[in-house]
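Nothing in this text is a laboratory measurement; each read-out follows from the coordinates by a stated rule. Bear in mind the structure is a predicted one, so any value in this text is a computation, not a measurement. Heads up, the Cβs are rebuilt from the backbone with ideal geometry, glycines too, and the neighbour counts pull from every protein chain shown.
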Amino acid sequence: MESQLSSPLFHAVILGVVQGLTEFLPVSSSGHLALMQAVIPGFEQPGVFLDVMLHVGTLAAVVGYFRRDLFQLAGSLPQLIRLGGDPAERRLWSGVVIASVPTAVIGLLLEDRMEAMMASVPLVGAALMVTGLLLLSGEALAKKAAPQAGPPSLGRALVVGVVQGIAVTPGISRSGSTIAAARALGVAPSEAARFSFLLSLPAIGGAALLSALKNLDALAAASAAEVAGYVVGPLAAGVVGFVAIGVVMRFLRTGRFKWFAVYCLALGSLSLGLGLYFGHAG
């Protein structure tokens, strides 16, 4: 098994599947990668360029799933810039822009601390439990919040952006925390998920671009076997990610979102307990 995991191609496929599933299911992609690295012999975090390409794969999943929204944006962009066009659409895309500002600021401030947290199984476990509690509290607060039709208001979008910035913490789910925050603020389930996934475009794209620019030398040193992984891994991430987005949308519509919370609480508790027992703090 260890020799298989050491194969760049096999490694890329596994990472692509994990990235595609956990980037959009509200269970934390960074948390799962950290736990896999801790418990699976021979498993390592993706290299710089593979990490960038996996993010490109998940970006493609969002673009593919929400292609109608993006095509509509492209067609109406001149009107939106002149503050014309459909008010709901203008609010949606203005919200994405506004929410991306605190996300970028908080993400950059916390960036240097993330590597140490990725190596701590107890911390990742605790963060997964926080994700579970966020999912449960989001649905509970949604029942008491004043409902809002359509995309979140600009104030609500700003709050969601702050939450997304904090979600760079390994174990905190980006999609789960942003959907939960929007739900707690009264945004309808389908609109909360739609806003969360569209908000991921600048967040994931910006993180991938920043990583690539900071590691240009490493990107040029890929072997032939690694290059194959750079194609297959993102393809797996894109296909699995597309399916995962559909699963989240269906679970929200049918009121089964709580099962993701149960999963995060169970996995987080197990990780925290085992991490403390075995002293796995890096």
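So if R0 is 41 Å, what FRET efficiency would Ile40 and Asp86 give, r being the distance between their Cβ atoms, rounded to the nearest 0.05? Using R0 = 41 Å, I get an efficiency of 0.25.
Its relative contact order, with pairs defined as Cα atoms under 8 Å and 6+ residues apart, puts segment 2-277 at 38 percent.
In this simple spin-label approximation, Leu70 and Ser153 carry label points 7 Å from Cα along the Cα→Cβ vector, and these lie 3.1 nm apart. Listed values [x] 104, 17, 12; [y] 31, 23, 16; [z] 31, 20, 18 include one computed from this model; for semi-axes √(5λ) of the Cα gyration tensor in Å that value carries the label [y].
Taking max minus min of the alpha-carbon positions on each principal axis, segment 91-185 gives extents of 42, 27, 13 Å, largest first. Mean separation of Cα pairs under 8 Å and 6+ residues apart, divided by the residue count of segment 92-189: what relative contact order is that in percent? Relative contact order of segment 92-189: 44 percent.
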